[in-house]
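Every read-out reported here was derived from the displayed coordinates using simple, explicitly stated rules and does not represent laboratory data. What you are looking at is a predicted structure, and each value in this text was computed from that prediction instead of being measured. Cβ placement follows ideal geometry from the backbone for every residue including glycine, while neighbour counts extend to all protein chains displayed.
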Amino acid sequence: MSGGAYLDHAAATPLDPRVREAMEPFLGGAGSPSSIHEWGRHPAEALERARGQVAALVGADEDGLIFTSGAVEARNLAVKGLLAGNRALGRHVVASAVEHPATLAACRTAERAGAPLDLVRVDGEGRIAPAALAEAVREDTALVAVVHGQPDIGTLQDVPALAAAARAARPEARVAVDAGETAGLVPVDMASMDADALVVGGTALGAPAWAGALAVRPGARLHPLIEGGVEEGGKRAGAEALPAIVALGAAAEIAREEMAARAARMEALGERLAAGLLAVPDVRLNGPRRGRIPGNVHVSAGWVEGESLALAMAARGVAVSPGSACTAHGGKAAPTLEAIGLEPPWTHSAVLLTLRWTTTEAEVDAAVAAFADAVAALRAMSPLAP
Amino acid sequence: MRTATRLVDALGTWCPVPIHLVERAARRASPGDVLELLADDPLIEVDLPAWCHSSGNELLELRRQGSDYVGRVAVTRGRDGGRPPRDRARGRSASG
């Protein structure tokens, strides 16, 4: 949109042209990676090349990398698959209170089936304390789930310290790390994070949102969610979405080379954006000022409803998400905002703006102007605003 | 002395998937490599010895470990498909 800005990259991000070029030959071509004839050779090679590219990005074992339909499926597979494969360890589940909704839902499903669940509280900026995590781990804890970069408020967690705390409390417990919003934007290494499973998502990489993967440590014992075939080592049956997989692999390789430059640009743009938004009266930044996902800016505006604000900004040519990129509908408070101790109206007045390395200063400035104008207009209509 | 070089994790999968995974791993292995299979489908007690017999690979061990099965296979053919000669001739993979 001319003069506007697209700052909703966490929901979906335009494809990197190099990624598009890599995936296009696999849109509608003949031959399955599982075929044993000549037509299957090229797809099979592309599949394995992508597996290596994504594994290299996050320091994973290629043999343990499972492609999925996106980060949400990977989150479900991590929780449900590790619990099913590790019943001998126990049934207790520990997760932070600020996990992605897909992780929380999978944990709730386990709880409904009889697994005791403990959600670990976070501080006012969304950080999980290693001591609090360790305190929640019991002798029958089978799974500990922690999110590396909180999808809404962007808080980056010290995952190595959290994993160490969990291991100290129970070495056998499986540790699932959600890097669905961070892999490709900041360094992610499965070994130094001591993760048994690690979620990778497409949007953070500049690949489609419908591309993702779960990296699993050999020996971690994972059961599949989708059964009935040998695809993905039997852990995710069904025809491989080759264009998405190739896109994820190409994006991972590009990200390895360009990550530092991208992060520096996004952090600078994020600072510019946050400063502009916070210049509007009665606006607060949710999450930490430092130590957040590059390009993530999450604010609440007093006496303004988040969904109305997102729509008002869209009318001014600026795309953002209300409150959460993942639960953009329903008018409900984002659970993450409640977890960090916010109360209404702050929990209902949030918008999430997410940048990428392709974002321009002009877009940032357009977003700030649209935000200020929309907030003023909505407050003028509000009977509650002073 | 042989050492295990490739773990085949077939946990949570049912026949014929475990034996397909073994076959695939054998195809990618070199003669002398050892595959270590982890499975929890009881049919592996039948499938793994049968596959080793028909494919010409050597079954070193198949034992229960709790509710799991641990199998060790010495790859003697490797990289030729690891499939029974009959199936190779027909251009399809073996089933378990």
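Cut-off is 10 Å between beta-carbons; in what order do A:ILE153, A:ILE254 appear when sorted fewest neighbours first?
With the sparsest Cβ surroundings first, the list reads A:ILE254, A:ILE153.
Does chain A classify as rounded, prolate or oblate by the C-alpha gyration tensor (a ≥ b ≥ c root eigenvalues; a/c under 1.5 gives rounded; else a/b over b/c gives prolate, otherwise oblate)?
Because a/c hits 1.5 or more and a/b fails to exceed b/c, chain A counts as oblate.
With θ set to phi - 60°, apply the Karplus curve 6.51 cos²θ - 1.76 cosθ + 1.60 along the range A:295-304 and write out the HN-Hα couplings as whole Hz, x wherever there is a Gly or Pro.
So the J values, rounded to whole Hz, are x, 9, 10, 10, 10, 10, 10, x, 6, 10.
Order of A:TRP346, A:TRP303 from fewest to most other C-beta atoms within 10 Å?
A:TRP303, A:TRP346
Taking the Cα centre as origin and putting +1 on Lys and Arg beta-carbons and -1 on Asp and Glu beta-carbons, what dipole magnitude results for the range A:17-254, to the nearest 20 debye?
Result for the range A:17-254 is approximately 460 debye, rounded to the nearest 20.
Spin-label point model (7 Å from Cα, Cβ direction): what's the A:GLU139 to A:GLU267 distance in nm?
4.5 nm
Pop the C-beta distance of A:ALA161 and A:ARG290 into the FRET formula with R0 = 22 Å and round what comes out to the nearest 0.05.
0.80
Amide H to amide H, which residues 5 or more places from A:GLY323 or on other chains are under 5 Å from it, using H placed in the peptide plane?
Sorted by chain and number, the residues that satisfy this are A:ALA350, A:VAL351, A:LEU352.
All other residues with a Cβ under 13 Å from the Cβ of A:ALA220 taken together, and with Lys, Arg as +1 and Asp, Glu as -1, what is their net charge?
Once positives and negatives cancel, what remains is -2.
Could you compute the FRET efficiency for A:ALA56 and A:THR109, with r as their C-beta to C-beta distance and R0 at 35 Å, rounded to 0.05?
In this case the efficiency is close to 0.60.
Hey, what do the phi angles of the range A:264-281 turn into as Karplus ³J(HN,Hα) couplings, whole Hz, using 6.51/-1.76/1.60 and θ = phi - 60°, x for Gly and Pro?
4, 5, 5, 5, 5, 5, x, 4, 4, 5, 4, 4, x, 5, 6, 6, 6, x
Net charge within 13 Å of A:ALA129 by Cβ-Cβ distance, Lys/Arg positive one each and Asp/Glu negative one each, not counting A:ALA129 itself?
Summing Lys and Arg as +1 and Asp and Glu as -1 gives -2.
Taking the simple approach of a point 7 Å from Cα along Cα-to-Cβ for both A:GLU227 and A:HIS42, what is their distance in nm?
Between A:GLU227 and A:HIS42, the simple spin-label model gives 3.7 nm.
Would you mind estimating how fast the range A:280-386 diffuses translationally, via Stokes-Einstein at 25 °C and 0.890 mPa s with the Kirkwood radius over Cα pairs, in µm²/s?
In µm²/s, the coefficient rounds to 176.
Determine ³J(HN,Hα), in whole Hz, for all residues of the range B:19-34 in sequence, where each value follows from phi through the Karplus function 6.51 cos²θ - 1.76 cosθ + 1.60 and θ = phi - 60°; x replaces Gly and Pro.
Rounded to whole hertz, the list is 6, 5, 5, 5, 4, 5, 5, 5, 5, 8, 8, 10, x, x, 5, 10.
Say each of A:LEU27 and A:ALA380 gets a label point 7 Å from the Cα, pointing the same way as Cα to Cβ; how far apart are those two points in nm?
Taking the two extended label points, one gets 4.4 nm.
Just to confirm a number: summing +1 for Lys and Arg and -1 for Asp and Glu over residues other than A:VAL188 whose beta-carbon lies under 12 angstrom from that of A:VAL188, what do you get?
Result for the local shell: -2.
If you find the alpha carbon centre of the range B:25-44 and of the range A:361-386, how far apart are they in angstrom?
For the range B:25-44 versus the range A:361-386, the Cα centre distance is 62 Å.
Once amide H atoms are placed 1.01 Å from N in the peptide plane, what residues at a sequence separation of 5 or more from A:SER96, or on another chain, have their amide H within under 5 Å of its amide H?
A:VAL120, A:ALA145, A:VAL147
In terms of modelled amide H atoms, which long-range or inter-chain residues lie less than 5 Å from the amide H of A:GLY212?
Amide H to amide H, under 5 Å and 5 or more residues apart or across chains, A:GLY212 pairs with A:THR68, A:GLY70.
Mind running the shape call on the range A:93-145? Use the C-alpha gyration tensor, a ≥ b ≥ c as the square roots of the eigenvalues: rounded below 1.5 for a/c, prolate if a/b tops b/c, oblate otherwise.
It comes out oblate by the Cα gyration axes.
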